1. Mind ranking 83-95, 64-76 by how tightly packed they are, going by the mean number of other C-beta atoms within 10 angstrom, highest first?
2. List every residue whose amide H lies under 5 Å from the amide H of D126, counting only residues 5 or more places away in sequence or on a different chain, with H placed 1.01 Å from N in the peptide plane.
3. Which whole-Hz ³J(HN,Hα) couplings does segment 9-23 yield from phi under the Karplus relation 6.51 cos²θ - 1.76 cosθ + 1.60, θ = phi - 60°, glycine and proline marked x?
4. For segment 90-103, just list the computed ³J(HN,Hα) in residue order, Karplus coefficients 6.51, -1.76 and 1.60, θ = phi - 60°, integers in Hz, with x standing in for Gly and Pro.
5. Enumerate the calculated ³J(HN,Hα) couplings along segment 125-130 in order (Karplus 6.51 cos²θ - 1.76 cosθ + 1.60, θ = phi - 60°), each rounded to whole Hz, writing x wherever the residue is Gly or Pro.
6. By the 4.7 Å beta carbon criterion, which cysteine residues of the chain come out unpaired?
7. Could you tell me the center-to-center distance, by alpha carbons, between segment 65-136 and segment 19-46 in angstrom?
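Taken together, the values in this text are just the output of simple stated rules run on the coordinates, not laboratory data. As the structure is a prediction and not an experimental result, all values here were calculated from the model. Reconstructed Cβ throughout: ideal geometry from the backbone, glycine too, with neighbour counts over all protein chains shown.
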Amino acid sequence: MEQLNLSEAEWRQRLTPAQYHVLREAGTERAFSGHYDGNKADGVYRCAGCQLDLFDSDDKYDSGSGWPSFTKPVEPDRISEHRDTAHGMIRTEVRCARCDGHQGHVFPDGPPPIGLRYCINSVALDFRGREQTGED
């Protein structure tokens, strides 16, 4: 996959301050504050930094965590995983594979059969309804 490498000035120009904080500085939005946590529309969630399709609404579920949660990415190569030891915890950070934008974290407490919970910041995503994508 071709990488999107922009300067910090270019990222600041492209993103809102909230998007920049999450995607480029690995920030986190407050629980239950994001506009996609309760979204039940049919479609695809894309990286807000580069528009790469990351998650499908078919794999979204209500985890009760306050962030959009998914059981898997649309394709395994769309995300990269990194060890995160910030804040005195050991977690697995999830980033967009194209632009390296921080999305959130993946935890091993999701529903069967996969058992994973991709806990993603709404501000790191853009949503396109199925009617906008042209998919059935």
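1. So the peptides 83-95, 64-76, ranked by packing, come out 64-76, 83-95.
2. R46, C47, A48
3. 5, 5, 5, 4, 6, 7, 9, 6, x, 5, 5, 4, 4, 6, 5
4. Couplings: 10, 9, 10, 7, 10, 10, 5, 6, 7, 10, 6, x, 4, 9 Hz.
5. Rounded to whole hertz, the list is 10, 10, 10, 10, x, 4.
6. Lacking a cysteine Cβ partner under 4.7 Å: C119.
7. What the calculation gives is 10 Å, centre to centre.
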